[in-house]
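Everything below concerns the one structure shown next.
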Amino acid sequence: MELRHIRYFLAVAEEGSFTKAAQRLMIAQPPLSRQIKDLEEELGTELFVRKNRGLSLTEAGNRFRIYASRIDSLAKASTEEIREMNKGLSGTVFLGTVEGCAPRLLAEWVTAFHKKYPLVDFNIWNGSSDDVVNRVNSGLCDMGIITAPYDEEGLEGISLHTEPWIAMIPAGHPLAKKKAVKTE
């Protein structure tokens, strides 16, 4: 069975006529009829009930139409996706993040990346640092953005951002007059 047999079958089923399907497909009617007959022989059953005026699908024809539609859709989708691949990066990146600056920074990075590679989608998951590390280790996320420190076993970390921390104290507190506090 060839893809053209499936497409010919679908055209005949949709048009309800070999003549109309042949016109739509821009082929002669006798070769179209022969291709459908070959398909029916290969499947071992008739797909159409031929009448004086038009035709209709048999029970097997109705069942085959479901599969034929799926096959045709999959063939078109795969062709389109392969052609799109030649235009640049494509696919889905699964990212895990934690609260803090990560969501804001990630939004900026994803926006910039998407402008350059519009065929790349992102699936973003948010949780605790331990959860993100577990998802990266188990393959559920391609990468994670967490706060340090973390268990580095089996992972490679790259510093992306420094988050400023401040100590808030009442204005009347003796430390309020100091410009800095040592944390060591």
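Observations
- Across the chain, the longest piece that holds none of the trypsin sites (Lys or Arg not before Pro) lying in DSSP loops with up to 11 other C-beta atoms within 10 Å covers 88-177.
- Efficiency of FRET between residue 38 and residue 99 - r from beta-carbon atoms, R0 45 angstrom, step 0.05: 0.10
- In a simple Cβ point-charge model (Lys, Arg +1; Asp, Glu -1; nothing else charged), segment 14-91 has a dipole of about 300 debye relative to its Cα centre.
- Pairwise centroid distance, computed over Cα atoms, of segment 10-28 with segment 58-79, Å: 16 Å
- Longest segment of the chain lacking chymotrypsin sites (Phe, Trp or Tyr not before Pro) that sit in a DSSP loop with at most 15 other Cβ atoms within 10 Å: 1-149
- Positive-end residue, the chain charge dipole about Cα centroid, Cβ charges, pick of 27, 120, 43: 27
- Magnitude of the charge dipole for segment 27-161, about its Cα centre and with charges confined to Cβ atoms of Lys, Arg (+1) and Asp, Glu (-1), is about 1200 debye.
- Partner lysines whose Cα lies under 22 Å from the Cα of residue 76, excluding those fewer than 8 positions away in the same chain, are identified as 87.
- Fewest-first ordering of 133, 110 by other beta carbons within 10 Å of each residue's beta carbon gives 110, 133.
Only the coordinates and a few stated rules stand behind these numbers; no lab work does. Nothing here was measured: the structure is a model prediction, and the numbers come from that model. Reconstructed Cβ throughout: ideal geometry from the backbone, glycine too, with neighbour counts over all protein chains shown.
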